[in-house]
Each structure stands twice: as structure tokens, then as C-alpha cells.
There are 4 protein chains.
Amino acid sequence: MERKLRFGMVGGGNGGNIGNSHRRGAAMDNMAVLSAGCFTRNWERNVEDGTFWGVPEDRIYSNYQEMAEKESQREDGIDFVSIVTPNHTHYSVAKCFLEHGIHVICEKPFTLSIEQAEELKRIAAEHDAEVGVTYTYAHYPVLRECRHLIQTGAIGKIIDVVALYPQDWLLLSLNSDKESYADWIVDPTFSGNSNATAATGVHLYYLIHSMTGLNLDAVLADFGYYPENAPLECISRVLMRFDNGSHGMSWTSSVASGHDCTVDLKIYGEKGAIEWSHNDPLHLRVAPVGQPVQIMCANRDYLCEESRAISRIAAGHPEGFYEAFANIYHEFCRHLLDKKNGTCHDSRDYFYPHLQDGIDGVRYVQACVESQKRGNVWVCLKDASDEASRIAHT
Amino acid sequence: MERKLRFGMVGGGNGGNIGNSHRRGAAMDNMAVLSAGCFTRNWERNVEDGTFWGVPEDRIYSNYQEMAEKESQREDGIDFVSIVTPNHTHYSVAKCFLEHGIHVICEKPFTLSIEQAEELKRIAAEHDAEVGVTYTYAHYPVLRECRHLIQTGAIGKIIDVVALYPQDWLLLSLNSDKESYADWIVDPTFSGNSNATAATGVHLYYLIHSMTGLNLDAVLADFGYYPENAPLECISRVLMRFDNGSHGMSWTSSVASGHDCTVDLKIYGEKGAIEWSHNDPLHLRVAPVGQPVQIMCANRDYLCEESRAISRIAAGHPEGFYEAFANIYHEFCRHLLDKKNGTCHDSRDYFYPHLQDGIDGVRYVQACVESQKRGNVWVCLKDASDEASRIAHT
Amino acid sequence: MERKLRFGMVGGGNGGNIGNSHRRGAAMDNMAVLSAGCFTRNWERNVEDGTFWGVPEDRIYSNYQEMAEKESQREDGIDFVSIVTPNHTHYSVAKCFLEHGIHVICEKPFTLSIEQAEELKRIAAEHDAEVGVTYTYAHYPVLRECRHLIQTGAIGKIIDVVALYPQDWLLLSLNSDKESYADWIVDPTFSGNSNATAATGVHLYYLIHSMTGLNLDAVLADFGYYPENAPLECISRVLMRFDNGSHGMSWTSSVASGHDCTVDLKIYGEKGAIEWSHNDPLHLRVAPVGQPVQIMCANRDYLCEESRAISRIAAGHPEGFYEAFANIYHEFCRHLLDKKNGTCHDSRDYFYPHLQDGIDGVRYVQACVESQKRGNVWVCLKDASDEASRIAHT
Amino acid sequence: MERKLRFGMVGGGNGGNIGNSHRRGAAMDNMAVLSAGCFTRNWERNVEDGTFWGVPEDRIYSNYQEMAEKESQREDGIDFVSIVTPNHTHYSVAKCFLEHGIHVICEKPFTLSIEQAEELKRIAAEHDAEVGVTYTYAHYPVLRECRHLIQTGAIGKIIDVVALYPQDWLLLSLNSDKESYADWIVDPTFSGNSNATAATGVHLYYLIHSMTGLNLDAVLADFGYYPENAPLECISRVLMRFDNGSHGMSWTSSVASGHDCTVDLKIYGEKGAIEWSHNDPLHLRVAPVGQPVQIMCANRDYLCEESRAISRIAAGHPEGFYEAFANIYHEFCRHLLDKKNGTCHDSRDYFYPHLQDGIDGVRYVQACVESQKRGNVWVCLKDASDEASRIAHT
């Protein structure tokens, strides 16, 4: 029985946050060993980075196409690849590895258009390849409890949802001389037709969907721009209509001074409410109607088995962002290992953001863009098209 | 020089919260003495209540018309009346006292229709009477600092606003046998064509306006109903467009389990942000771009004179809802006393919710109702009509 | 049946915090009307203050002895007097009114010596007079729930207690030119032989005792001085030994920058814990062993009747320091009214700090002072003497 | 220039929390690779664990003596060993590796007696070996800022310190059938003569010392026992006297229901205060006298270079306990690498708990035990002996 996987990485040269999040996430439970990579265009730094992280020099590649080809031919080739490149390249890199039958775990947003996302779905199916997308926040241990409570009816039918995600990086960047993330994320060349909705709004979409099980029928979006002539939105306000008839609301901003990464999720049901904040990620606020509010803490015995299973350390010892990442890697690797070992029955047994979640995220972004372009009207997700996207690029 | 006023009260029999809030608010700084009243229809309880609060028996009246007439004829008649009756009667009670030249302080929402509100404005002007409306939350001491900071440019041009106000009273009421507030507030007969927007949303409107100085141009509202066939909304989500070109968002709900009275205000500017929560009313969170977040505390020496002036007790000793009420009464009474003493120059020198704020609140509610009825479209406040209101009553 | 009392006040000219706390506390439920007073030595201001608060001019007195004498002779004389003068005068003022058969409510610390306190007890008993002492913090509504939970065994046998009370007023005062509270509270002439222990430590003593029902057997105190040559301590650390065999700890400081009035109480039992902070006075943190932490909120239906009875306004609307004061006045007045009406059976039915709590507080202070003077050794409260006090005055 | 180290581990079979904390801590920045180990007495699990974590089978050892000998003879032998065995074995394991010239990083408490600790110091010096001790809490990034602020005079001379550390694991354990940590930590055979002081109190000692730079002169301890006949204390209250003349106080408990791992540090200076809580480890509360409280956040640009250097991810993305561990490993490895590369000038340039901190921790524990045994008297750390320790073992 296989207990370990090999993986490669495209992008994630040491300068960036996100490469390390993936590397550390994968290393946390040691279910996958970084074995190949193409980290950056600069060959010297590419080798230096790869070597530092333990990749043998002959498996450090100068381009991802070569990597996909060579690795797919090795007997000990990589099982999956982590894609941590800028948004506009996700599609072509993922396509290449999937066509070589290599599983993919990819940063969000999955692609820049619905068309691209749907095409990757077809290719993945053809090659029996799995795809994970790293929407991180839903994978803190107490949110597993949140999902469990909702699934088992603890708060009854859901009647309202509010999700907020303020950050201030754009304001900081505009007030600074340093080169930053802002330089590419606000540029349509790299980010397509959305900044805030694709960068952070999509996290809220997935959080709501994965926690409540509700499907989003339609959105009505109202975007904000700063500076006023910016090509892409930095504020995204979205009214939401779900398939159970209830509505909700989300808001994300990158010009909210004093907020680093405040993700707030508030779910209101007939029988109670559940709230969570990334500012206090270890705790869950559960409010049964008419009773004292309960504060649940990660890895306590009163939590469900599934939630406790992904805590690594005694209650009260904070696990953070890397560990949330590790929980995605853990489940993704568990899926691939079970598949290898022939013990995988249903991909839904593995709680990580699947290919469909990636596609739905893109659809969410495009529907919001379309709603904004058409004057803040309701747009059904199933009817969303890349039209708006195309307009943005003309 | 007069140092004290006499006032009367219509409504506010001892059973209710709100009568005591007004009585205690007025008593706090002792600038007005309760001298007449018509507290409840039950004569025995009317006398009992009035007597207990020190009203001479001959100035306890069985109806407000008689009270207005008799008091306006006395030399020592009341200077103003507090109206704390159910929403649908505000208009006629206020009209009656204004026509007798008696100043009015009235619960919100001011009236059920724009027409009524505008008519009261005309009558008040004719009789040189002042009108205050008790939107409470903006009158906590640190919000006076908030307003000052914004006025003096501390956070620069405002680029986004988010205001939230969850409560759970309706859920509690639906799960309880006890008679409650819910019984009339959800009934169009007493509340007109809006529940949540008029009961709590309007507080958010006034908070935003009074703190930022921004005028609201237009709204796009999305209402929620619970139970689904309820005649009036219990959730009110509102996209907002301000006269400086920026947008904002508000949400209020009475089916948000675990929330008693959580008013959260978040104001984002180019140079910083200010946030406040009614769950911690003594503190203001000020976040200048790129600097540590500052927590300011009521009555500290570093606050502006105007803010410190309305704190009554040493920093750290909590002042609560009654004291916020008292701050409205303090300013209203200061205005009337200065008027009496001939030292009033500009009514804007007195920071309390004025007649125009009452009217604008009604206009806000009607614009939201109209937006909802017309399918969640933008409605300009200046174009809002009572149309929607009328439809609701047919 | 009498429903209302008349009271007088000694001290509390308008400049001071504490006079208004008493006046507003008494006015809140309107069970006692301010009817006489001797507010300050300056006759003009005395009359001005008294008149403003509604006292008839002929019942404004230039000294407390005259007031006690005249009021005790009137048929409509005051039922009780509020003593809000500096600490060193509590004894003689209280003595004078008690000897005239007038009930007393007095600021803490009750007296400067155990001897004085015990003498007042004898005099009160002789005249069948009641005495209340205004230790405020225990009288927030959720602390009534705390007491109830402990009395009914919710957290089992108590095994540990921690109480903290940092303030920064002394640091502020030392860094300021303004005249302040500090000027007399740090001076032995007015404060006797203790500053921090008597001013704030004694609040912790009473909080612990009134919540847990535990009696304090012995203390071991370690004082801190700032500036180093200050005559009285500004930091008081106290190890405590209770009559059930368990120990506890308290700490208070007036040189803790950033703390206005942070009173933190933490009570640990075999079956759970209860914590409360004055920074969030509406909520109680209840932690049953092995279960989620519960946050209880004032005036919610799940609280005991006794706790709900002293909340005045719907849950979530903050009541503050004045309302806590009002709860003491409410119970004290209820006691006196029942006594007048012949329906008082047991003085323990009225939850306010009684005479014995005042005496015990003084005993606590003297035992701490003695422990410090003798080199941080355990001193039994029953053996505490005024010896240390006497030493301090030589 | 060497960029990487090899290390081995004694103890830390997969069942335990602490082995993984060390492994993940070391892996986080990848400066040391786990290359040898003796994880558990059960040979099969020993191999399974070792293999899973990538240790070649021939470097998995059945006992630590063999490991020390064999590894010290290999050219590619381990540079250091991590000791994560029960407390009573730290001494002999550390001794063995130090005698073979292998550096040591060891769990706290370093040893059970002062004698043992001092002997290890001599041995380490003889072999030019470095020793680190994993007191974790001081190594969160914002505490590096705290230390920097204090060193640069931001809060002036320190006048008071309060440190609290409640947990509830013992209560949980006593109410549970599951085997737990409690089984050995409360047993003198494994823990020597102290439970709470050695297990958690010592963390507070180190936190205070490392943050303030103050040396502890003397302690006065008061222990609590639960159940009452427990051989070792589960509550440790300690009055502290520092070398600058100021005093402080600490408290730790393992019977404080509702607390997983609440470490609260409060440092008060003449010019301001700094507070930190492990419940919110990313933020530092800085309160300059008379100014708004500042909330500083990890990895923000306004922090000092030294603090930012040990944050791995953008501000607001929580780093947790493993990352704090990683910071100790980072500095320890940096020290050893510089030593290897001949660029180490002063061991104080590397901020991790050094050998002397380990010794001082043991001295702190023994002084507290002695104070308790002698009836809660002051005991100077320099005079502390193992006497009390010896008594405990008879």
C-alpha cells in the first residue's frame, strides 16, 4: 500500500508567498514529497530554489512543457503538480499536465474564462486526472465542524448568509514605492476581467457553498474602483440568490485600511446561526435560537470526528494558514493515494475544492462581471458567459 | 437665563422599553423635567405611571389632543413633547403638538409616508417649532469623535461604507408564546409598508449620513421575508450610492440568531478607516493607512473637546444606551434653551437628529421599498414616492 | 403602601464623578427623590448644585451636622443619606446621621480603620439603621446570574479565583498638569494607610466574596510603589486563602497604561469556570468542563429571574456604570421601603453591599497593609488590627 | 558555504504532539533535514515512524546511546539532536549527545534539578556544543517586536509585570477515561518535584525574562493541588522580584475550565504598556501613556526588521504554534550554520532559548518549590538548591 506521493511545482520561486504555502502545506503531513519543479524563469534561481527544497537537479526544468513530458515518462515521475503561477497562465499549465495524465492542484481563480475551465474539465475526464483548487479558508478545522453542524440540521433551513472579506493591500501598495503583488493583480493582462471578485470574492463564494451546501442561482454585483479610473474593481459587493430560495450578500475590498485578511462568514438558519472569522480562526460561534452563544474551539472532544481529524495539535495551540493549506493537501493526497491503492469509492469523500468548485468559481466571477457591466442586474450563474470577459479584453 | 425645560410624554406606559429610555435620557442631565403626560389608554395605569414619574395628577391626560390644548394654554406649560407611540400614530400626534406650537421629539421612523413627513415640516416651520428624532446609535461619545475625525480629514475622501445591524428578536418571538414587540412591528397596520428597513435599517442610514456627511443619492434594495409569506420584510440588504460618487452597503436582519443589537459601522477612506460596533460602544477603531490600528476610548484626553463634552464619567466606566439617549436630549434641550434665551444662532450647532433627518429617513425607507417592488433596481431618494407605500395598503 | 423615599446627599458637588453616579443611580428607577443636601463647602455652588438637582433651597445645608439634625426633625425628612465625601470623612459623617436614626449609603472604603467601622456597626444597631456601601461592579445584571449559577452548583466546589483590576489614572496624572483625583487619593491625610488596596483592591475582595460566597481567611500582600518614594502603594498583589481551603490571587494597579477600568474576575470550580470583564460588562463567560464555552448576555430569557429583574432594557442595549449603581440603590430602597411597609423579613433578601461588607472590606485593607509591613506574610482577617494603620500615621 | 543541517530525534513517536511540533518546526524553513532517530521503544513503530518522516532505515536506532555513538562517527552524521522525551530523561539523553560533541535542542523543563542542568553546562562547554531549549511562546513574531520596543525604551523603565497561563487539561483528564498526557505529567517519577511550575510556569518565567531583559532575583510561591491529595501542584502562583527593583506576578493552572492554552503577558512601564495573548498571537497591544492603544499586527511594515524577518507570510494570514517552533529552529540552525561557516561572532545574535535559559528555568522551578515548602517565603534564585527536589523524592 502506497503511503506517499511525489509532486512537482510550477511557479513559486522563493520570493512569493504562495509557493511556500503550497510547499509547507504539502510537507505538513508529509504525504507528498517535492520531487520536480520549474520554479522561475531565471535558471540560476530556479536551480537554487529547487535544490534548497530538496529537488534533485536533474528534475529541475526550464519550462513546464518539458517537465510534464519528462515526468510523465519516468517510472518515479510526479503524481501531481502544484500550479502557483499568475492567474492568466493557470489554464495552459494545467492543460499541459492534464494531457500528460498528471493530476493538478491549482491556485485560484482556476482560469480566466468559463470556456477554459470547461475545457480543462473535459481533458481531466479524458485522462482520469483529478484537479484541486486551493480555496484555503474553508479548510480550517472548525469550519469542518460548521459544515457538519449544518449538514446535520443544527441550525435548520438556512435563511440568510453574509460574507465579508476586507483587506488593505491595495491602499498600502498605492502608498508605497515597493514592488508588490498589486502590480500584476490589478493588471487585466494577468488577471483577466476581475480583480477583487476573482482574487478574494471567489473565496467567499466557495466558503458559502462548501459550508451550507447551497447552490448559487444568481448574483447582482456592484463594483467599486480605486483609483476611480482603475481598469479592474477593487471592491465587489454581491447580492446572492440561492437554490433554496434564500438570499445572501457578500463584500470584499482591497482598500479597507486596517484589515490584513479579515474573512468573516455569517450563516443564519431557522434554528440558529454560525459565525466564523479568520481573525480568530480557531473558534466557531454557534448561536442556537434562544440559548447562550457557544464558542467552539478546534480539536476539542465535543467536535465531530471529521473536524478533529484535521487538527494536528492540542486544542489552544494555534494552527494557521499553512495548516489550512495542509488540510487541502492532506485530503487531495488521501484521494490520490486511495485511487492508487484502489480504495477510492466516491470523490466526494475527500473534502477539498474539486475541479467543479474551480469551474463554479470562474462562473461566479464572470456572472458578477456581467451583472456589473449590465447595470447591476441579476445574472443567473448557469447563463453566465465569457461575453463580459471578452469585452474587457477588446 | 433659563436652565431647565418642562416636557410631556405621549405613550410610554411603564410596560415598554422605549418610554423609560426617553424618561431616563431626559433625567440624566436634568435639563428637562417630566411635567405632563398621556401614557396609556388605561386611565388607572395612566395615572399610576404618571404619578410614579412625578407628574402632577392634573397634568395627566386621557388623550393627547386635550394635553396639547391645555398645556399650550398654561403659562408653565410643557416646552416639548416626547412621542413614543406606535409608528402609525407619530404623524397625527406630532401634527397636533406642532400646531399648538409645542416642540416635538419623536421616535423613529418619523412617519409612515414621505407626504406626512413633508407636511409636518411645513407645520413646524409655520409654528417655529423644532423637531428631534431619536436615532440613538450615532450619539455615543466616540461616534462624536468619529464624525470629528472625518470632518477634519483624518481618513481622507470616503471610498466605501459598510453597515450591519443583526438582531434575533423575530426568531425569538416566533419561538415563544409570550406577547412581544413582534406582534405589532410586523403588522402593516401599525408599521406601514416596512418592518426591518423602517425599524433598524433607518438607523444605519442616519449613522452613515451623520458620521460621513455624505448624502445618499440612490439605493438598490433586496428584501428577505420570514416566514416566507410575511407581509413585511425582516431582512433588508441595501446597495447605496452617495453624492461623492462612492458606494456602500447595508444589511439588517431580525432573524440573525445570537445577535441582540449588533450595530457595526465601517467607514473606509483614502487615508484610513474608522470602525465602531455597538457591542463595544466605548471604543473606536481608527486605522490610518500603513500604521498600527488605534483603539480610542470614550472620555480620554486625546479625544476632541466635542466628544469629551458628552461623556459623563471617567474613561472606562461604561455609559450605555440610556446615556446615548441622554445625549440626544442634552443637545435638543440645549437648542431649546438657547432659543428661549436668545442665544441660538444656527440649529446645526446642536448635534441631534433634526426634522430633516427624520424626513430623509422616511425617504430612505420608501426608496428601498420601491426598489424591492420594482425588482431590485436603483431608486433615487429624491424621486422616491409614497407609491410603493400606497400599493402596500391596497 | 409607600412607593418612594426621600434622600439627602453629603458631598458630590457637580465637579465630581461620584456624586452624579449616586444621583443618577437613585433617579434611574425613581424610588428615591433627592430632597436635601450639603454638596460642597462653597455656599454659592452648594445652592447652585442643589437647586439644579431639584432640592428646595431651605433644605440645602451648609454643614452635615445641621442637615442631620434638621432633617431628622421634619415629618417629611430624608429617609437616608448618600455619603460621597473623601474617604477620611466617611466615619464622622456616617456616625452623625446614624445617631439621628437616618439610614446611610456610603462610598467605599467604608472607613479608614476597623475600629471606626465596628463602632458604626454598634451605632447603626442601636438606631435600627441600615447601611449600604457602594461597591459597584458586583451589581451588573450578569453577575447576579454568576452568583446564582455558583449558588446552585453549576461549577461545583470552587478551587481557584483570580481577580485583576488595572487602571492608568496615576500615570496619566503624573504626566499631566491638571488637578486630579490623584491629588488626594495618594495622600495619607485623606486616604489613610492605603491607596490601591483601599481604592480598587477592596472592590475585588467584595466581588469575589459576593459572587462565590467564600469567606476570606487570610491574605499575603505584596505592594508596589510609584514613584518609588510614594507614601502609599499604587500596586497591590494579594494571595488569598479562603474558608473552603482553596486559594486565589488578586492584583490591582493604577500605573497600568492603557487600562481605564478593567475589572476581570475569573472563578474556577471543579465542574466549570465563570469569567467576567468590566470591559464587556453585558456578557458572562461560562465554561462547563469539556463543553463549548457559553457566552451569556444580560436580560436574555435563559437567565435566572433574579438577574433579569435588574435589567431595564432589551438584551443588547448596553446598560452601564450608572445602571449598576442604580441596582444598588434599587435594592437598598426596596429594603427600606419594605421596612417602612412592614414587609421586610430578612435583610439578606436584598442584594446590595451591606454594613458587614463595608466592615469586611476595611478589615481586608488593614490585613493587606499589615502583611506588607511585616514582610509579605500571611495575616488572618480575624486577627487584623489597626496597628499598621496607626504606624502609618505616626 | 553550508546552507543546511542534519538532525536526529530522540522520542517523538507519532502519537505525541511534541515530536511533530519539532519535526514541522524544523521543516518549515528547511534549514535542517531529519536524518536519524530513535523515536520510540517499540521497534516496529520506531521504523515505521522514521521511514514515514524520510529517515533512512539504517539510521533508525533502538537506543539513543547507539545513535549518539554511530552518528558521531559518520562523516554525514547529524549536527544536532532534538530531545522530546519525558522530562526525567532529558538529562541523560542530553548528556550522552553532548559528550559525543553533538549539539542539542531539548524540550522544557531542561532537567529536573539544578545540579543536572549545571553539569550539562560544563559538558557542553567542554565539547563546544550548543544547547537550545524550546520555550515556544516568546518566539511569535510580534513578541520579537515587543522585545525590540522594550530594548529601545518605548515603554521606559519597567515597573510591573503580570503573566497568566490557564489551561484545563487536567480537569478534562480527570473527567475522562482516555489515557492522556496527565498520566505522566502529574507523576513525580517522570516530572520530578513540580507539575504546573515546571510544565507551564517556566514558560512565563522565560517570556518575562526574554521580553523585558529583567533578571529574576527572588520568588514567593503559593501552590494549589487538585485533587487535594495530588503529589504535585496544578496551580502555581508566584510573586516575583526583579533586579531593577520592580516586582511582578505570575499564575498558571491546569484546572481552569475553558482555557486551552491562554498565555497572557502584561508588561507595564513608566512610559507605556505592552500586552500579548496567545489567544490572539498575531497582535501586540501597545499602550503609550495618554495615547490611544495601538494594535500592531505581525509582518506589517511598521514593525522592526527583526520581527518581520521571522514572519513567513503576508500580514493577516495566521502563523501558529508550529511556526513559532520553526522560529526557534530557524535561529538555532542559523547559529550552527554560522558556526560551521565560521561567521558566528556572538551567540547572543541568535534569539532562541539558550542553555543558560534552560538552567535558569530549572532554578526558577526549584526556587518556587522551595518557597512553597518553606511556607510561602521569598527565595532568591541564586540561593535555590535541589534540597526541595531531594525532599520530594524521599
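Any read-out appearing in this document is the output of simple, stated calculations on the displayed coordinates, not a laboratory observation. Bear in mind the structure is a predicted one, so any value in this text is a computation, not a measurement. Using ideal geometry, Cβ is built from the backbone for each residue, glycine included, and neighbour counts are taken over all protein chains shown.
Observations
- Position C:ASP128: other-copy label points at 5.9, 9.3, 9.8 nm, ordered by increasing distance, label point 7 Å along Cα→C-beta.
- Only Cα pairs under 8 Å and 6+ residues apart enter the sum, and on that basis the relative contact order of segment B:246-351 stands at 12 percent.
- Remark: relative contact order (segment C:1-154) = 19 percent; criterion is Cα-Cα distance under 8 angstrom and separation of 6 or more residues.
- In chain A, Cα pairs under 8 Å separated by at least six residues give a relative contact order of 20 percent.
- Taken residue by residue and averaged, Cβ atoms of other chains lying within 10 Å of the Cβ of B:305-318 number 5.
- About the centre of its Cα atoms, segment C:213-270 shows a dipole size close to 40 debye [charges on the beta carbon of Lys, Arg (+1) and Asp, Glu (-1) only; nearest 20 debye].
- Spherically averaged projected area of segment D:185-264 from its Cα convex hull (nm²): 5.6
- A viscosity of 0.890 mPa s and a temperature of 25 °C, combined with the Kirkwood radius over Cα pairs in Stokes-Einstein, give a translational diffusion coefficient for segment C:6-165 of 145 µm²/s.
- Under the simplified labelling scheme, the B:THR262-C:TRP184 pair shows an inter-label distance of 4.5 nm, with each label point 7 Å from Cα along Cα→Cβ.
- Candidates C:ASP168, C:ASP346, C:ASP260, ranked by Gaussian network fluctuation over chain C, Cα under 10 Å, top entry: C:ASP346
- Counting Cβ atoms of other protein chains within 10 Å of each Cβ in A:319-326 and taking the mean gives 6.
- Percent antiparallel among DSSP beta bridges (both partners in the protein assembly as shown, rounded to 5): 60
- For D:GLN65 and A:ASN279, a Förster radius of 60 Å and the Cβ-Cβ distance give a FRET efficiency of 0.80, rounded to the nearest 0.05.
- For chain C, a Gaussian network of Cα nodes joined below 10 Å ranks C:GLU130, C:GLU71, C:GLU57 by mean-square fluctuation, and the top entry is C:GLU57.
- Across peptide A:149-161, the average count of Cβ atoms from other chains found within 10 Å of a residue's Cβ is 2.
- Highest-MSF residue in chain B out of B:TYR165, B:TYR64, B:TYR140 [GNM, Cα springs under 10 Å]: B:TYR64
- Fraction of antiparallel bridges per DSSP, chain D only, in percent to nearest 5: 60
- Kirkwood-Stokes translational diffusion coefficient of segment A:103-161, alpha-carbon pairs, 25 °C, 0.890 mPa s, µm²/s: 174
- Sites B:GLN151 and A:ALA309, calculated FRET efficiency, Cβ-Cβ separation with R0 56 Å, nearest 0.05: 0.55
- Selection from D:ALA198, D:LEU98, D:LEU216, by position along the positive dipole direction of segment D:94-247 (Cβ): D:LEU216
- Counting charges near B:PRO86 (Lys, Arg +1; Asp, Glu -1) among other residues having Cβ under 13 Å from its Cβ returns a value of -1.
- Here segment A:306-325 and segment B:237-254 have alpha carbon centers that stand 37 Å from each other.
- Ranking of C:VAL133, D:VAL238 by neighbouring Cβ atoms within 10 Å, starting from the fewest: D:VAL238, C:VAL133.
- Sorted into 10 angstrom bins from 0, the C-alpha pair distances of segment B:8-98 split as 18, 56, 26, 0 percent.
- Of all DSSP bridge pairs formed entirely within segment A:146-254, close to 70 percent run antiparallel.
- Taking the helices alone, chain D has a mean residue ellipticity at 222 nm of -10500 deg cm²/dmol, built from -39,500 (n - 2.57) per DSSP H run of at least 4 residues and averaged over all its residues.
- A simple spin-label model places pseudo-atoms 7 Å from Cα toward Cβ; at A:GLU115 and C:ARG374 they are separated by 9.1 nm.
- Unit charges on C-beta of K, R, D, E only; dipole of the protein assembly as shown, Debye: 0
- Cα gyration tensor, segment C:227-293 - rounded (a/c under 1.5), prolate or oblate: oblate
- Long-range HN-HN contacts of A:ASP160 with modeled amide H, under 5 Å: A:TYR268
- Loop-resident trypsin sites (Lys or Arg not before Pro) (DSSP state other than H, G, I, E or B) in segment D:1-59 with no more than 16 further Cβ atoms inside 10 Å of their Cβ: D:ARG3, D:LYS4, D:ARG41.
- Distance from segment D:100-166 to segment B:13-75 (C-alpha centre basis), Å: 69
- Using a simple spin-label model with pseudo-atoms 7 Å out from Cα toward Cβ, A:VAL33 and A:GLU75 lie 1.6 nm apart.
- Tensor-based shape of segment D:238-377 (alpha-carbon gyration tensor, a/c under 1.5 rounded, otherwise prolate or oblate): oblate
- The calculated FRET efficiency for A:ALA125 paired with B:LYS271, based on their beta-carbon distance and R0 = 45 Å, is about 0.30.
- Over 15 Å [Cα-Cα, segment C:116-202], rounded percent: 76
- Cα extents of segment C:143-302 along the three principal axes, largest first (Å): 50, 33, 23
- The charge dipole of segment B:1-112, taken about the Cα centre with unit charges on the Cβ atoms of Lys, Arg (+1) and Asp, Glu (-1), comes to about 320 debye, rounded to the nearest 20.
- Whole-number D in µm²/s for chain D (Stokes-Einstein; Kirkwood sum over Cα pairs; 37 °C, 0.692 mPa s): 153
- Projecting the alpha carbon convex hull of the protein assembly as shown along each direction and taking the average yields 56.2 nm².
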